[in-house]
Amino acid sequence: RLAARLLAAFCLLLFFYLALNTALAKTLTADEPAHLIRGFVLDQTGDLQFQLGHAPLSHRLIGSLLFSEVGLPEVRQRPLWGTNDRLELAAQLLWDSGLDVERTIFLSRLPIIWLGLLLGALAGSFALTWHGRLAMAVTLIFYASSPNMIAHSALATTDLATAATYFAAVYAWWRYWQGRQFRWWLLAALFLGLALATKLTAI
């Protein structure tokens, strides 16, 4: 048991290290500015005008650490505020406001990395409950070295957040059917609600 726990901890730490390095090394992807501006606006104003068919939870997460950035501009004071052009507003905030862009991008990506850790832990727990310690070890080794999981966990987008919350709902539902314990039913309902609040395609 101790060896299995140590291996699980090692795999999750390795995943965190690789995702962190990826987040620090990658430049902005094409769709990250749109998600980033939504996080900015939700964090500073709570205004949903830029959501445009997107559920707000993942953008709340993306913007949750931006308050710690010194000199963060007030989004409502930008000239393009009120135009509803989220991409132009994002470009103005990132490149024309004196913002520390690299730090801002990293702060927006960090909560998604934490969700990636949660997803890995849930996948390992699922494998352990279903088929034992060997299955858990294999699952976590593959998870910690998966290019897809590392790449998506290191981006300020909605995909990993949806995967984590949705998988948590499925896992909790599966645990409920194993023993019919009411707490798992409640957790399944909670995580399904979080998944729906993260991205509309969770339906």
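The values are calculated or read from the model by the stated rules, or taken from the named source; none is laboratory data. Here the structure is a predicted model, which means the values were calculated and not measured. Reconstructed Cβ throughout: ideal geometry from the backbone, glycine too, with neighbour counts over all protein chains shown. For the accessible areas, the whole protein counts, side chains as well, though only heavy atoms, and no ligand, DNA or RNA atoms are used. Shrake-Rupley method; radii C 1.70, N 1.55, O 1.52, S 1.80 Å.
Tally up the residues in region 66-82 that are open to solvent by 90 Å² or more (accessible area, probe 1.4 Å) and within 21 Å of residue 103 (Cβ to Cβ), please.
First, the residues of region 66-82 that are open to solvent by 90 Å² or more (accessible area, probe 1.4 Å): 67, 70, 76-77, 79.
Going one step further and asking which of them are within 21 Å of residue 103 (Cβ to Cβ), we end up with 67, 70, 77.
The total comes to 3.
The numbered conditions (1) modelled with pLDDT under 90; (2) farther than 21 Å from residue 148 by Cα are all true for residue 56 except (1).
Within region 179-202, is even one residue closer than 27 Å to residue 48 by Cβ and outside any helix (DSSP H, G or I)? For region 179-202, residues closer than 27 Å to residue 48 by Cβ and outside any helix (DSSP H, G or I): present. Checked against (1) within 28 Å of residue 195 (Cβ to Cβ); (2) open to solvent by 30 Å² or more (accessible area, probe 1.4 Å); (3) without any contact (Cβ under 8 Å) to a residue 40 or more places away in the chain, residue 149 passes all but a single condition, namely (3).
Taking the listed residues 163, 172, 156, the one that is aliphatic (A, V, I, L, M) and either in a loop (DSSP other than H, G, I, E, B) or touching a Pro at 6+ places or on another chain (Cβ under 7 Å) (or both) is 156, with no other qualifying.
Report yes if some residue within region 83-92 is hydroxyl-bearing (Ser, Thr, Tyr) and open to solvent by 40 Å² or more (accessible area, probe 1.4 Å); otherwise report no. So far as region 83-92 goes, yes, one or more of its residues are hydroxyl-bearing (Ser, Thr, Tyr) and open to solvent by 40 Å² or more (accessible area, probe 1.4 Å).
The condition (being open to solvent by less than 70 Å² (accessible area, probe 1.4 Å), at pLDDT 90 or above and in contact with an Asp or Glu (Cβ under 8 Å, 6 or more places away or on another chain)) is satisfied by just one residue among 119, 107: 107. Here are some residues: 20, 87. Which one is touching a residue at least 40 places away in the same chain (Cβ under 8 Å), closer than 30 Å to residue 144 by Cβ and out of contact with any Phe, Trp or Tyr (no Cβ under 8 Å at 6 or more places or on another chain)? The conditions single out 20.
Is it true that some residue in region 32-44 is open to solvent by 40 Å² or more (accessible area, probe 1.4 Å), touching a Lys or Arg at 6+ places or on another chain (Cβ under 9 Å) and either under 22 Å from residue 194 (Cβ atoms) or polar (S, T, N, Q) (or both)?
So in region 32-44, the residues open to solvent by 40 Å² or more (accessible area, probe 1.4 Å) come out as 43-44.
Those left that are additionally touching a Lys or Arg at 6+ places or on another chain (Cβ under 9 Å): 43-44.
Applying the additional criterion that residues be either under 22 Å from residue 194 (Cβ atoms) or polar (S, T, N, Q) (or both) yields 43-44.
The answer is yes; a qualifying residue exists.
Applying a threshold of 7 Å to beta carbon distances and a minimum spacing of six or more residues, or different chains, the list of pairs starting in region 174-203 at a residue that is touching a residue at least 24 places away in the same chain (Cβ under 8 Å) and ending at one that is aromatic (Phe, Trp, Tyr) and surrounded by 14 or more Cβ atoms within 10 Å (Cβ to Cβ) reads 175/184; 195/166; 202/166. Between a first residue in region 50-61 that is among the charged types (D, E, K, R) and a second residue that is crowded, with 20+ Cβ neighbours inside 10 Å, which pairs have beta carbons less than 6 Å apart while being 6 or more apart in sequence or on different chains? Hits for this filter: 60/42.
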